[in-house]
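Working notes, structure below.
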Amino acid sequence: MKTQLENIYKSAKADIEKAQSISDIDEIRLKYLSRKGEFNSIKKGLKDLSDEDKRTVGALANQITQDLEALLKEKHEIFYQKELNEKLQHDRIDITLSGKYLPEGKVHPITSTTNEIVSIFQNLGFSVISPELSPEVETEYYNFDMLNVPHDHPARDVQDTFYLKDIPNGVLRSQTSGAQIHVMETQKPPIKVIAPGRVYRNENINSRKNNFFHQIEGLYVDKGITFGDLKGVLNEFIRLYFGSARPTRFRSSFFPFTEPSAEVDVQCIMCQGKGCRTCSGTGWLEVLGAGMVDVNVLKGVGIDPEIYSGFAFGMGVERLSMLKYAIDDIRLFFNNDKRFLEQF
Ligand code: DAH
């Protein structure tokens, strides 16, 4: 048995010397030292030996096993280092290679202008109303009736407003002002909100007009709100949007849902007030409409005009964006020309 063991040891050693790789080493370990390996089958015979022989042969078997383990480990380490080095040589990263170009998306200028205006008003204490109070599909009731717009008002004409076939009195809203009514129907004053959104008008499309565009509506109703508050808020808005040194003027105007009403102009950003093509020689650019909420509108939604007053305003996002970035054609916003969109 002793010679048997020694023979196995010899052949195992020879195998180890011949080994070329980690996988050879693994194979040798399997062949000799695993449970089904050659050593184990011999060790099984130990039980038939005398106690004396058991001890000596057993000790020899253990010694041989340990030696083989040590040899295998040593070889394994050598091959491991060798294979690792080869792999590192081979897989070396070339950090001088240029990176992959990942095209970057941009926020649409209408969205970024809207976001900018919204955040200015949020800083002035206004909150954005929830979308269900500002639907694009409206009824004449919200778009006109409750806003005190007379039945024969030209804005109601199919020439100006898109009427919907399938909804009785349904329209695509022509202004965000209907959101005022939804808010005042559902909330009690103090109300201090803005409503950004898309509106639709049956326009002939040209460089200044599209058949849909975007507005931001504002409404502030509380006790003791005055025209002075309106001027303060809108002047502050214009200062923050256009920059501090830009004069404004409030011109008397008319809207059915405000009384008194005003249109607000800002000094022309192209000619600094001297008069040019953009401002039609006037030196001023109209940027928004506003006024004190008409008593009839307040009464319509059940707010007592003896106790409360308020102001409202509405502005066109495209117009404000065009003025700020000197864009001369509204259609650029909607043509999806990347050369235009990438500039923002
Ligand atoms: N809705 C008006 C328009 O589309 C803009 C407007 C003017 C809104 C005066 C207002 C306002 O809230 O008070 O032309």
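Filtering segment 132-160 to residues that are touching a residue at least 40 places away in the same chain (Cβ under 8 Å) and over 24 Å from Met184 (Cα atoms) leaves Val158, Gln159, Asp160. Consider Ile181 against the criteria (1) farther than 16 Å from Met315 by Cβ; (2) assigned to a loop (DSSP other than H, G, I, E, B); (3) within 12 Å of the ligand (Cβ to nearest atom): it satisfies all of them except one. Which criterion is unmet? Failed condition: (2). Is it true that some residue in segment 263-285 is assigned to a loop (DSSP other than H, G, I, E, B), crowded, with 21+ Cβ neighbours inside 10 Å, more than 32 Å from the chain's Cα centre (by Cα) and not basic (Lys, Arg)? There is at least one residue in segment 263-285 that is assigned to a loop (DSSP other than H, G, I, E, B), crowded, with 21+ Cβ neighbours inside 10 Å, more than 32 Å from the chain's Cα centre (by Cα) and not basic (Lys, Arg).
The single residue among Ile93, Ile64, Ile78 that is free of Cβ contacts under 8 Å to residues at least 24 places away in the same chain and closer than 21 Å to Glu17 by Cβ turns out to be Ile78. Checked against the criterion of being among the charged types (D, E, K, R), part of a loop (DSSP other than H, G, I, E, B), within 16 Å of the ligand (Cβ to nearest atom) and in contact with a helix residue (DSSP H, G or I) (Cβ under 9 Å, 6 or more places away or on another chain), segment 235-257 contains not a single residue that satisfies it. The selection criterion, being assigned by TED's automatic domain parsing to the domain that holds Ile303, under 29 Å from Ser130 (Cβ atoms), within 13 Å of the ligand (Cβ to nearest atom) and over 31 Å from the mean Cα position of the chain (by Cα), holds for Leu230.
It is to be established whether one or more residues within segment 130-137 are more than 13 Å from the ligand (Cβ to nearest atom), under 24 Å from Pro260 (Cβ atoms) and at pLDDT 95 or above. Scanning segment 130-137 turns up no residue that is more than 13 Å from the ligand (Cβ to nearest atom), under 24 Å from Pro260 (Cβ atoms) and at pLDDT 95 or above.
The numbered conditions (1) of a type in the set (A, V, I, L, M); (2) at pLDDT 95 or above; (3) closer than 20 Å to Ile238 by Cα are all true for Ile303 except (3).
The values are calculated or read from the model by the stated rules, or taken from the named source; none is laboratory data. Please read all numbers here as calculations on a predicted model, not as lab measurements. Positions of Cβ are backbone-derived with ideal geometry, glycine not excepted, and every protein chain shown enters the neighbour counts.
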